[in-house]
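Asks: Take this structure first; my questions come after.
Throughout, read-outs are computed from the coordinates displayed, never taken from laboratory work. The structure presented is a predicted model; accordingly, all values stated were derived computationally and were not measured. Neighbour counts are summed over all protein chains in view; Cβ atoms, including those assigned to glycine, are modelled from backbone coordinates with ideal geometry.
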């Protein structure tokens, strides 16, 4: 199983309503794009100093399913509208995890 | 459920054997420390440019269980020996995910 992990850091002038709208838009991707077996996004809880602001973890059956998601036009449109304009930093990894 | 996500980037002079030993040491944490309901660490698959090198995703029943793990001396010893000396960058988030 392929796990796709992204940690987002938003620009300082990205207000809470915009951050929430961005998370809401990304949260619709399983319905709008699909291909994943699980998908969980949310804001950092503020327990530790120096954290990124938002995490996304999505599991896919295989690399092909992940690539279908990554290159889907509806996905790219959400990134262009809701993510890129507010992004200060982004860190990502795709890695293999045991199928549960 | 609380999800703890860390993306690690290693220094350029951290050779493959050292990276593998670090992952192996972190992979023993569920046995040595415990407290999590799931734990998956692994190296980036190399599918995308600019990614971090290693991802760790661990789920905990609640914040107390996470804090117990985060502050456990055996955990801190693994970080001091296997992570910190090789770390170029680290990005983390703790966030709430639905219990499956």
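Asks: Please go through region A:32-42 and pick out each residue that is crowded, with 20+ Cβ neighbours inside 10 Å and within 7 Å of chain B (Cβ to nearest Cβ).
Replies: Within region A:32-42, just A:40 meets the criteria.
Asks: Quick test of your reading of the structure: residue B:58 fulfils all but one of (1) without any contact (Cβ under 8 Å) to a residue 60 or more places away in the chain; (2) surrounded by 15 or more Cβ atoms within 10 Å (Cβ to Cβ); (3) touching a helix residue (DSSP H, G or I) at 6+ places or on another chain (Cβ under 9 Å); (4) farther than 28 Å from residue A:10 by Cα. Name the failing condition by number.
Replies: Single failed check for residue B:58: (4).
Conditions tested, residue by residue: (1) out of contact with any helix residue (DSSP H, G or I) (no Cβ under 6 Å at 6 or more places or on another chain); (2) without any contact (Cβ under 8 Å) to a residue 12 or more places away in the chain.
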{"residue": "B:19", "(1), (2)": "yes, no"}
{"residue": "B:35", "(1), (2)": "no, no"}
{"residue": "B:44", "(1), (2)": "yes, yes"}
{"residue": "B:49", "(1), (2)": "yes, yes"}
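Asks: Follow-up question, since we're still on this one. Please work out which one of (1) farther than 19 Å from residue B:6 by Cβ; (2) within 11 Å of another protein chain (Cβ to nearest Cβ) is the condition residue A:92 fails and give its number.
Replies: Every listed condition holds for residue A:92 apart from (1).
Asks: Let me ask you something else. In region B:61-89, what count of residues is obtained for those that are away from chain A (no Cβ under 11 Å), under 14 Å from the mean Cα position of the chain (by Cα) and assigned to a strand (DSSP E or B)?
Replies: Qualifying residue count, region B:61-89: 1.
Asks: Also, quick follow-up: Taking region A:64-89 as the search range and keeping residues that are farther than 15 Å from residue A:30 by Cβ and in contact with a helix residue (DSSP H, G or I) (Cβ under 8 Å, 6 or more places away or on another chain), which one is surrounded by the fewest Cβ atoms within 10 Å (Cβ to Cβ)?
Replies: A:81
Asks: With the structure loaded, tell me whether residue B:25 is within 14 Å of another protein chain (Cβ to nearest Cβ) and not in a loop (DSSP other than H, G, I, E, B) or whether it fails that test.
Replies: Spelling it out, it is not the case that residue B:25 is within 14 Å of another protein chain (Cβ to nearest Cβ) and not in a loop (DSSP other than H, G, I, E, B).
Asks: What's the total number of residues in region B:21-31 that are surrounded by 17 or more Cβ atoms within 10 Å (Cβ to Cβ) and either touching a residue at least 60 places away in the same chain (Cβ under 8 Å) or farther than 23 Å from residue B:93 by Cβ (or both)?
Replies: The number of residues fulfilling the criteria is 1.
Asks: Could you list all residues from region A:1-17 that are within 17 Å of the chain's Cα centre (by Cα) and within 14 Å of chain B (Cβ to nearest Cβ)?
Replies: Once the filter is applied, which keeps residues that are within 17 Å of the chain's Cα centre (by Cα) and within 14 Å of chain B (Cβ to nearest Cβ), region A:1-17 yields A:2, A:3, A:4, A:5, A:6, A:7, A:8, A:9, A:10.
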